[in-house]
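The values are calculated or read from the model by the stated rules, or taken from the named source; none is laboratory data. Keep in mind that this is a model prediction, so the values were computed, not measured. Here Cβ is always computed from backbone atoms with ideal geometry, including for glycine, and neighbour counts include all displayed protein chains. These accessible areas exclude ligands, DNA and RNA; they are computed on the full protein's heavy atoms, side chains included. Shrake-Rupley method; radii C 1.70, N 1.55, O 1.52, S 1.80 Å.
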Amino acid sequence: MTAVPPPPAPAIAIRQLFFTYADGTEALRDISVDIAPRQLFVLFGPARAGKTTLLRLLNRLSDLIGGTRQQGHVRFNGADIFERGVDVTDLRRRIGMVFAMPTPLPGSIRSNLTFGLRMAGMRDAAALEARVEQSLRQAALWDEVKDRLESSAFALSGGQQQRLCLARSLALEPEVIILDNPTSGLDPLSTAAVEESLDALKQRYTIIMVPHSVQQAARVADSAAFLLDGELVEAGPARELFVNPRHKRTEDYISGRFG
Amino acid sequence: MTRQQSHTLAVRAITAVSVLVIVPILLVIGYVVAHGIGTVDWTFLTQPPRDGMRAGGIMPALLGTLVLAAGTAVVTLPAGIGAAIFLAEYAGDNRMTRAVRLAIVNLAGIPSIVYGLFGLGAFVLFLRFGTSIVAGALTLGIMTLPVVISTAEEAIRAVPDQFRTVSLSLGATRWQTIRHHVLPHALPGILTGIILGLGRAAGETAPILFTVAAFYLPELPRSIFDQTMALPYHLYVISTQVPGMPLGMQYGTALVLLLLVLSMTLSATLIRTRMRRRREW
């Protein structure tokens, strides 16, 4: 018998999480799952399964919606993010987010990248400049934009805009990056570029991603969770979940029988 | 009548009544310009009235109106923009905010003479400001508030939600988000509302009647606790209270007031279109 090393402490531990919108829609029911550090965790399932709701709970963007009810815990490095007195701005700096559609802010490429840092109080121009270059390189965008950092972020192509948004999150040096279907509006080449960046980034960051398709999920995931109608059907290492799903509903969805 | 005929008829009728909208404004402006243009010259704008206001110029009244407009801006700007930010960004949808909204709508519907009487009671008498620029500016400022609040709130709400979400997701606080990604984009709309509100305030007679306006002041006010002459009230005075008034003086004064207010409205429109064109999304 070989000794199995104990699994690393999860970066994010979700426990008995329930979430209901103001109109009574039960978006999440009894979700419990561990997300391991420095891996790419994929959250997949059909439309309205609760994927985006779950993502937005993790950095508490869900706070912006009124009239919701929630129950349960999300522990980030062991500390409950819903506890009173949690610094939400600090939480959002540590858990970055990239949205489904590219969301540049009005202004230059540079100002997009430095905004979060300036708001956090970073003033040193050289340090800001270093972060700009570093984050653009990580998002594989540096060579394309290094000569026009002052031009408008809206002048970039859709694929470039999405990588800019990724770089913008990376500039804050977060611990976790959440990506909500980041390649939905992108052509195959841009999609491949983003996937390639993610593969490199998971060496340093915990990545949580809602994929564009099951195929993409199977391509990029280290571990995965299948959500259906607000419930977690199953979760586990990707090589098991996509090859030998334990549940019939997972198998049906993966093999394209519904969804 | 066939469908085609009724269509043609409808289009003609709509065009006809639309033309009717343009006619009165052209007539009013044309009439005032035709009768007043002969009087308005540099002396008219820069000299005080002489001979019991039957000759000379309108300088103290023109200056007084500009000072009152500036004072109104000082009163209405912080309160108006603050309330708009509160309503659009912080206040939820509850009984309290609905009451505030209802109050604003009703504030806009109060007749201006009632504002004048309120200003007399509250600022001139109760707060002992006397008949003064302060009392007038406060009265006009309150009257202008609803316009400023509702246009500013509308402008703030028109900023795409996505900017707020993104800014917050990057660890900005609520206020940083408003300061950097909401107010800059709402500025054209806010500015338009302020200028329109000030334009209306500059042309009002009733609110300043009891609070600030002087019948005739040979000297300019020296402090904000002095009275001042003002164009709308001066026009009222020389049109009804002074016998033997040359018509040219009246129409000249009306023309200056009209141009002042129209130029404010026009600049509001220009600012809005210019800044909208610069928008990137």
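Okay, here's what the table says:
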| read-out | value |
| --- | --- |
| 1.4 Å probe, heavy atoms, protein only - residues of segment B:235-281 losing at least 30 Å² accessible area vs chain alone | B:280 |
| Ratio of Rg to Rh over the protein assembly as shown (Cα coordinates, Kirkwood Rh, two decimals) | 1.14 |
| Sites residue B:220 and residue B:15, calculated FRET efficiency, Cβ-Cβ separation with R0 41 Å, nearest 0.05 | 0.20 |
| Surface per residue (accessible, 1.4 Å probe) for segment A:1-142, Å² | 47 Å² |
| Proximal lysines relative to residue A:51, as straight alpha-carbon distance under 24 Å, when same-chain residues fewer than 8 apart are discounted | A:202, A:248 |
| Shape call, segment A:1-118: gyration tensor on alpha carbons, a/c limit 1.5 | oblate |
| With Cα atoms, 0 to 90° folded angle of helix B:3-36 axis to chain B main axis | 40 degrees |
| Rounded to 10°, Cα long-axis angle of helix B:183-203 versus longest principal axis of chain B | 20 degrees |
| Pairwise burial A:B, computed as accessible area of each alone minus the pair, summed, 1.4 Å, Å² | 1800 Å² |
| Packing-based ranking, highest mean first, of B:206-216, A:115-125, A:219-229 given that Cβ atoms within 10 Å are counted | B:206-216, A:219-229, A:115-125 |
| Overall form of segment B:56-277 per C-alpha gyration tensor (a/c, 1.5; a/b vs b/c) | prolate |
| Peptides A:25-31, B:6-12, B:108-114, B:260-266 ordered by average Cβ neighbours within 10 Å, highest first | A:25-31, B:260-266, B:108-114, B:6-12 |
| Shielding by partners - mean other protein chain Cβ count within 10 Å, residues of B:170-180 | 6 |
| Segment B:56-277, accessible surface, carbon-and-sulfur percent (1.4 angstrom probe) | 68 percent |
| Accessible area of chain A belonging to carbon and sulfur atoms, whole % at 1.4 Å probe | 50 percent |
| Cα long-axis angle, helix B:133-157 against chain B (0 to 90 degrees, to the nearest 10) | 30 degrees |
| For segment B:1-65: accessible area per residue (Å², 1.4 Å) | 69 Å² |
| Per residue accessible area in Å² of segment B:152-281, where ligands, DNA and RNA are left out and the probe is 1.4 Å | 47 Å² |
